[in-house]
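The block underneath contains the structure these notes are about, expressed in structure tokens.
The values are calculated or read from the model by the stated rules, or taken from the named source; none is laboratory data. All of these numbers come straight from a predicted model, not from anything done at the bench. Because the Cβ atoms are built from the backbone with ideal geometry, glycine has one as well, and the counts that use them run over all protein chains shown. Only protein heavy atoms, including side chains, enter the accessible area calculation; ligands, DNA and RNA are left aside. Shrake-Rupley method; radii C 1.70, N 1.55, O 1.52, S 1.80 Å.
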Amino acid sequence: MMSLLSFGADGWGRLILSAALTTLLLSLAALLIGALVGSGIAAAKLSTQRWLRWLGEAYSTVFRGIPELLVIYLFYFGGSGLITLIGQMFGADGFIEAPPFLIGALAIGLISGSYQGEVYRAARLALAKGEIEAAVAIGMPRWRIAQRILLPQVVRYALPGMSNVWQMSLKDSALVSVTGIVELMRASQIAAGSTRDYFTFYLVGGACYLVLTLLSNHAFRRAELRLGRAWQSRTAAQH
């Protein structure tokens, strides 16, 4: 077993490690895309405009209701078809494949955004109205209110929910293997199929996902504690 996982010419350790890094980068890219989309969705749902609230609800319903694998297929084949069509307009021949990493990050990011929108909305609603009202009463500008009150507390309240969304994105990254990108799931399939040692490599793949989850949970916990202490120190200093 150790020889199969070595980093030598006959081992698969290098491929597994590279695939784990790809999985991590893919999940991070999806999380960032989801953060941008989710912020917009949260703002839409909190808006006083009915059509914006409807738009936010529609987005959440669509991307939370359609299976993740189907979303990836739609983006991959739809994106490839669109790129091919544009290429043919400029004289290109044949099928042009969309970049698998970009498509995977975009698809998972848009799905993640539908969940992050709910996390940010709940975090905003958790803020005490009195703090905002007091800031407005003393004439604090909008940008200062956002910088000093809204953003720090929204991030603090959103972190526990973001930990769950991150884990979901990390596991959803395994679905991107259908586009041909060699992430952790795809690398486990390749190694298992080549060696016929299915149990070993799927077990190693599962262990890698578990390690990434444990490390990310630890990082989120530390971030929660640091933000909580920083806010308490800041509040005590103001009093």
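A few remarks follow.
- Verdict on Q88 being within 26 Å of G180 (Cβ to Cβ) and of a type in the set (S, T, N, Q): yes
- Test set (1) under 26 Å from Y120 (Cα atoms); (2) in contact with a Ser or Thr (Cβ under 8 Å, 6 or more places away or on another chain) - I16 fails condition number: (1)
- Residue tally, condition assigned to a helix (DSSP H, G or I), more than 12 Å from P99 (Cα to Cα) and not aliphatic (A, V, I, L, M), over the stretch 61-77: 6
- Of all residues making up the stretch 56-77, the number that are of a type in the set (A, V, I, L, M), surrounded by 19 or more Cβ atoms within 10 Å (Cβ to Cβ) and under 24 Å from K45 (Cβ atoms): 1
- Enumerated helices (runs of 4 or more DSSP H) restricted to the stretch 140-214, each holding at least 2 residues that are at pLDDT 85 or above, small (G, A, S) and closer than 15 Å to S18 by Cα: 184-195
- Only listed residue being without any contact (Cβ under 8 Å) to a residue 40 or more places away in the chain and among the hydrophobic types (A, V, I, L, M, F, W, C), chosen from L55, L24: L55
- The single condition among (1) under 18 Å from the mean Cα position of the chain (by Cα); (2) without any contact (Cβ under 8 Å) to a residue 24 or more places away in the chain that K129 does not meet is (1).
- Among residues of the stretch 188-200 that are touching a residue at least 24 places away in the same chain (Cβ under 8 Å) and on the phi < 0 side of the Ramachandran plot, those with a beta-carbon under 6 Å from a residue that is of a type in the set (A, V, I, L, M, F, W, C) and open to solvent by 50 Å² or more (accessible area, probe 1.4 Å) at least six positions away or on a different chain give the pairs A191/W12; T200/M1.
- Output for the stretch 78-117, where each listed residue is surrounded by 14 or more Cβ atoms within 10 Å (Cβ to Cβ), part of a helix (DSSP H, G or I) and of a type in the set (G, A, S): G79, S80, G87, G104, A105, A107, G109, S112, G113, S114, G117
- Scanning the stretch 150-197 for residues that are over 23 Å from G117 (Cα atoms) and either among the hydroxyl-bearing types (S, T, Y) or open to solvent by 50 Å² or more (accessible area, probe 1.4 Å) (or both) yields S177, V178, T179, V182, M185, R186, S188, Q189, I190, S194, T195, R196.
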